[in-house]
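Data first, discussion second: the structure below is written as structure tokens.
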Amino acid sequence: MSTQPKRKIIIDTDPGVDDAFAIVTALRYQGFEVLGITTVAGNKGLDYVTKNALKLVEIMNAGCMVYKGANAALKYLDKPVDEIKDAGDTHGFDGLGGIKLPYDLSKLSDLPAVDYILQTVRNYPGEIEIIALGPLTNIAVAIQREPETMKKVKKIWSMGGGVYRGNMTPVSEFNYWFDAEAAEITYGIGEDVDIYMFGLDVTYKTFFTANDFFFLKQEGGELGRRLYDMSQDYAGSYWKNRRITGAVIHDLVPVIYAIDPTISHEEDVYRCTLNVCCEPGLVHGQTIVDLVDRHKYPKNAYVVLNADGRKFKEVFMEIVFGEVAELYKKYVVS
Ligand code: BDR
Ligand code: CA
């Protein structure tokens, strides 16, 4: 038994199939105490993603509560919205591949997500790590309300952005595109708080192949089958849209890196200046990352550009499935 105190984690999320992989891993990892899960509209509307978070809490038998957050991007909050933009059916009609899972409404707190985040950071200054797997709306609202409190967050591990690629426009990634203003506000505290960006550059290095999904179904027990089943629409969209067999489990990357940063080399991680473009059009949500540092602007981000995809998946298998990971290491060519 480790005598190390557990790290205090809040997961901010819009589940989402890849969010689900990330959440089950964080909940299984012995070194984390997941204090709460806050939800944000993104992949689907707030009601869907909140129900999905409750489902994940239920199937993992987790002790934490779920806190409902922003139902739209910052600039649409408190405004009538005709049409809520989401990720369509990429993650299935309900965001979790349409599979049947139980949930328990008593795990849904009355406390709004932002109040919960602020209260928890006030209670544990310098100790809270936020794993942010969706648009950064809740984090930005918390910063707008109490910037000094949010500067006491220990770390923010954020999936979003991309230096050399996009998935919503040629240069913008979904989470930061969905709420570019929130992402820019969040990196505004990046001189005080260590904010790690895991963009599409690194997530594509950790691609799950059809073999990897097959292994989950064969050897992962009930949880592995559920992850496999919920991934079918998601992997199907990679095939239909890009003729790729397999899928990128983007949101798992910040979780695995937070657990084991040796999946990346030191030279893959840049302490740098990062801006998020809030202009309309194709550039909306683009991350402008100064890797060259000619202008010596204040540095507000750690940008992770590369990872060892095989090691990443082995760490995931070990944490979530224990000994079965040995079979994966020995027999599965990914
Ligand atoms: C991000 O967008 C969402 O669809 C995924 O859950 C992930 O957080 C990838 O661009
Ligand atoms: Ca997500």
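Taking the stretch 139-178 as the range and being open to solvent by 40 Å² or more (accessible area, probe 1.4 Å) and away from ligand 1 (no atom under 16 Å from the Cβ) as the test, the residues that pass are Q144, R145, E146, P147, E148, K151, K152, K154, K155. Within the stretch 154-181, being in a helix (DSSP H, G or I) and touching a strand residue (DSSP E or B) at 6+ places or on another chain (Cβ under 9 Å) holds for N175, Y176, W177, A180, E181. Does T50 satisfy being in contact with a Phe, Trp or Tyr (Cβ under 6 Å, 6 or more places away or on another chain) and crowded, with 19+ Cβ neighbours inside 10 Å? No: the conditions fail for T50. Contact annotation: residue pairs with Cβ atoms under 7 Å, 6 or more positions apart or on different chains, pairing a residue in the stretch 199-225 that is farther than 26 Å from N175 by Cα with a partner that is within 16 Å of ligand 1 (Cβ to nearest atom) and among the β-branched types (V, I, T), are L223/V24.
Test G95 against the stated conditions and say whether it is more than 14 Å from ligand 1 (Cβ to nearest atom), closer than 22 Å to F198 by Cβ and either more than 18 Å from the chain's Cα centre (by Cα) or in a loop (DSSP other than H, G, I, E, B) (or both). Judged against the criteria, G95 is not a match.
In the stretch 102-138, the qualifying residues are those that are surrounded by fewer than 20 Cβ atoms within 10 Å (Cβ to Cβ), within 16 Å of N52 (Cα to Cα) and among the aliphatic types (A, V, I, L, M), and the one that is farthest from ligand 2 (Cβ to nearest atom) is L105. Residue count for the stretch 255-309 satisfying the condition of being part of a strand (DSSP E or B), in contact (Cβ under 8 Å) with a residue 60 or more places away in the chain and among the hydroxyl-bearing types (S, T, Y): 2. For the stretch 232-249, the set of residues classified as without any contact (Cβ under 8 Å) to a residue 12 or more places away in the chain and either exposed (fewer than 15 other Cβ atoms within 10 Å of the Cβ) or of a type in the set (K, R) (or both) consists of W239, K240, N241, R242, R243, listed by residue number. Restricting the search to strands (runs of 3 or more DSSP E) fully inside the stretch 6-73 and requiring at least 3 residues that are of a type in the set (A, V, I, L, M), at pLDDT below 95 and within 16 Å of ligand 1 (Cβ to nearest atom) gives an empty result.
The values are calculated or read from the model by the stated rules, or taken from the named source; none is laboratory data. As the structure is a computational prediction, the values presented were derived from the model and not from experiment. In this analysis, Cβ positions are derived from the backbone assuming ideal geometry, glycine residues included, and neighbour counts consider all displayed protein chains. Ligands, DNA and RNA are stripped out before the accessible areas are found, and what is left, the full protein with its side chains, is counted by its heavy atoms. Shrake-Rupley method; radii C 1.70, N 1.55, O 1.52, S 1.80 Å.
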